[in-house]
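A.B. asks: Got a structure here, written out as structure tokens. Questions coming.
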Amino acid sequence: MKNTVLFDLDGTVTDPKVGITKSVQYALCHFDINIENADELCKFIGPPLRQSFKDFFGFDDKRAEEAVEKYRERFLETGIYENELYDGMEDLLGQLKEAGKTLIIATSKPTVLAEEVLRHFKIDSYFSFISGSELNGDRSDKSEILTYAFEKNDIRDLSSCIMIGDRKYDIIGAKSVGIGSIGVLYGYGGYDELSAAGADYLVRDVWELRKLLCKDSLK
């Protein structure tokens, strides 16, 4: 019985594609890097932002920090609202809450931004805690985010917890702290990435996720 359900946010609860990719595009233009097709920047959805600028464009610490600042110029004003709630997600959250589950957001997005997204979609009341990173980049690794959630909520029975996410970082983070995981294929990781990371379950859509969680068919 999984009584504590931890959700990644971007690509799992909401689809932030437009807001994130266009804000990354805006930041890169500051460095005279022009990416015409914003879809090429979907790889930024999921992992910590600073690290993504380093990994995908070879930025050093200083340039990565500057890129994050430029990204937030657009994201805080416009991009944060260029987002969509996945079909059926609110119904799922409501059913889990009604069943007595504890729902927690575990995201690499800064906590204050995650809070704003949840308020925007009016789904913040479903979650008892939001575990995210700091604006300065601290606590951005998913294992740190999960550990922080456990500590702040005095969760000791990790066998009762499960992590849901769309990227390998969610699955690897869950494994590193010793909890099970569900990879969602409707997000931005895909079958190969999630299966290679070792997801315990894979679901194609929110309906399959609901079926898995609400029938307590998790081992």
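A.B. asks: Limited to region 15-53, what total is found for residues that are surrounded by fewer than 20 Cβ atoms within 10 Å (Cβ to Cβ), at pLDDT 95 or above and under 25 Å from Gly180 (Cα atoms)?
C.D. replies: Residues in region 15-53 being surrounded by fewer than 20 Cβ atoms within 10 Å (Cβ to Cβ), at pLDDT 95 or above and under 25 Å from Gly180 (Cα atoms): 1 in total.
A.B. asks: How many residues does region 84-100 hold that are buried (at least 16 other Cβ atoms within 10 Å of the Cβ) and over 17 Å from Val206 (Cα atoms)?
C.D. replies: Of the residues in that region, 0 qualify.
So that you can scan it fast, the table gives a plain yes or no per residue for (1) more than 23 Å from Leu185 (Cα to Cα); (2) more than 17 Å from the chain's Cα centre (by Cα); (3) of a type outside the set (A, V, I, L, M, F, W, C); (4) at pLDDT below 95:
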residue: Lys70; (1), (2), (3), (4): yes, yes, yes, no
residue: Phe75; (1), (2), (3), (4): yes, no, no, no
residue: Glu84; (1), (2), (3), (4): no, no, yes, no
residue: Pro110; (1), (2), (3), (4): yes, no, yes, no
residue: His120; (1), (2), (3), (4): yes, no, yes, no
residue: Asp124; (1), (2), (3), (4): yes, no, yes, no
residue: Tyr148; (1), (2), (3), (4): yes, no, yes, no
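A.B. asks: Filter region 94-117 down to the residues that are free of Cβ contacts under 8 Å to residues at least 60 places away in the same chain and among the hydrophobic types (A, V, I, L, M, F, W, C) and list them by number.
C.D. replies: Answer for region 94-117, where residues must be free of Cβ contacts under 8 Å to residues at least 60 places away in the same chain and among the hydrophobic types (A, V, I, L, M, F, W, C): Val112, Leu113.
A.B. asks: Let me ask something else. Considering each of Ile179, Ile164 in turn, give the residue that is more than 25 Å from Lys17 (Cβ to Cβ) and crowded, with 19+ Cβ neighbours inside 10 Å.
C.D. replies: Residue meeting the stated conditions: Ile179.
The values are calculated or read from the model by the stated rules, or taken from the named source; none is laboratory data. Just so it is clear, the structure is predicted and the values come from calculations on it, not from any experiment. Glycine also receives a Cβ, built like all others from the backbone with ideal geometry; neighbour counts cover every protein chain displayed.
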